[in-house]
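Participant: This structure is in structure tokens; I'll ask about it shortly.
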Amino acid sequence: GSTLLNADPFIETDTQASAKTTKMIAQDFTGDKLDNKDITYSFRIDGNYVGGPSAGAAMTLATVAAIENRSVSQNIAVTGTIRSDGSIGRVGGILEKAEASGQNNLETFYIPEGQEQITYYTQRMDREVIYPGVYTPEVNYVQRRFSVNNYTQGEYNMTTKEVSSIDELYNKVWRD
């Protein structure tokens with residue numbers, strides 16, 4: 001009944017905590033008791049450590065697949081934290097993860113709901129003329145939106161889809 005993580009590369013504690021939640025959600029989702037089964041997670045990366053809870057949704061999907069003896073397509077990427085109620089939470093670095101997925105020629109990138117549109121602000125300098133040659137600068141910030149899906153479609157021919165829960169991710173991966 002142990003949850004084990006391969007420690008090469010080094011794995012930070014928040015990733016370890018995510019693995020425990022992953023096991024609980026996979027058990028609840030499948031109805032298969034895992035009390036007498038050991039689960040081992042191994043990460044193959046080019047780096048020295050794995051940190052953060054961003055792999056929680058992917059780890060949960062992989063665990064469900066193992067329990068149900070299913071294969072997960074090698075053409076997808078998944079990012080998102082996993083919460084104790086099975087919902088998928090927000091993560092950082094969406095664009096960097098999208099680029100890494102696209103550079104590996106993946107077809108679909110699943111991200112947490114609400115993160116397909118990135119909001120950012122650009123600075124705009126306006127001048128109000130008080131007297132010829134004298135003005136007061138006024139700095140304004142203009143809200144802009146960036147579509148991750150439009151970017152991944154255009155740059156990598158990869159679709160980006162939002163998911164809100166492990167149920168929804170499961171259905172998109174194996175039922176779409």
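Throughout, read-outs are computed from the coordinates displayed, never taken from laboratory work. Predicted model, so just to flag it, every value in this text is computed and none were measured. Don't worry about glycine lacking a Cβ; one is built from the backbone with ideal geometry, like all the others, and counts go over all protein chains shown.
Participant: In the range 1-101, what trypsin sites (Lys or Arg not before Pro) fall in a loop by DSSP, with at most 11 other Cβ atoms inside 10 Å?
Facilitator: When the trypsin sites (Lys or Arg not before Pro) of the range 1-101 are filtered for loop state and at most 11 Cβ neighbours within 10 Å, Lys33, Arg44 remain.
Participant: Of all DSSP beta bridges in the chain, what percent run antiparallel (nearest 5)?
Facilitator: Counting DSSP beta bridges with both partners in the chain, the antiparallel share is about 55 percent.
Participant: Separation of the range 132-171 and the range 1-60 by C-alpha centroid, Å?
Facilitator: For the range 132-171 versus the range 1-60, the Cα centre distance is 30 Å.
Participant: Report, to the nearest 10°, how far helix 56-67 tilts away from the longest principal axis of the Cα atoms in the chain, using its own Cα long axis and a range of 0 to 90°.
Facilitator: 20 degrees
Participant: Sticking with this structure for a sec: What angle do you read, to the nearest 10 degrees and between 0 and 90, between the alpha-carbon axis of helix 94-103 and the longest principal axis of the chain?
Facilitator: 70 degrees
Participant: Kindly identify the range 2-89 as rounded, prolate or oblate by the Cα gyration tensor criterion: order the square roots of the eigenvalues as a ≥ b ≥ c, call it rounded if a/c is under 1.5, otherwise compare a/b with b/c, prolate if a/b is larger, else oblate.
Facilitator: It is rounded, given that a/c, with a ≥ b ≥ c, falls under 1.5.
Participant: While we're looking at this one, here's another question. So how many Å³ per residue does the convex hull of the Cα atoms of the chain work out to?
Facilitator: 156 Å³
Participant: Further question: Would you calculate a helix-derived [θ] at 222 nm for the chain, using -39,500 (n - 2.57) for each DSSP H run of n ≥ 4 and dividing by the full residue count, to the nearest 500?
Facilitator: -10500 deg cm²/dmol
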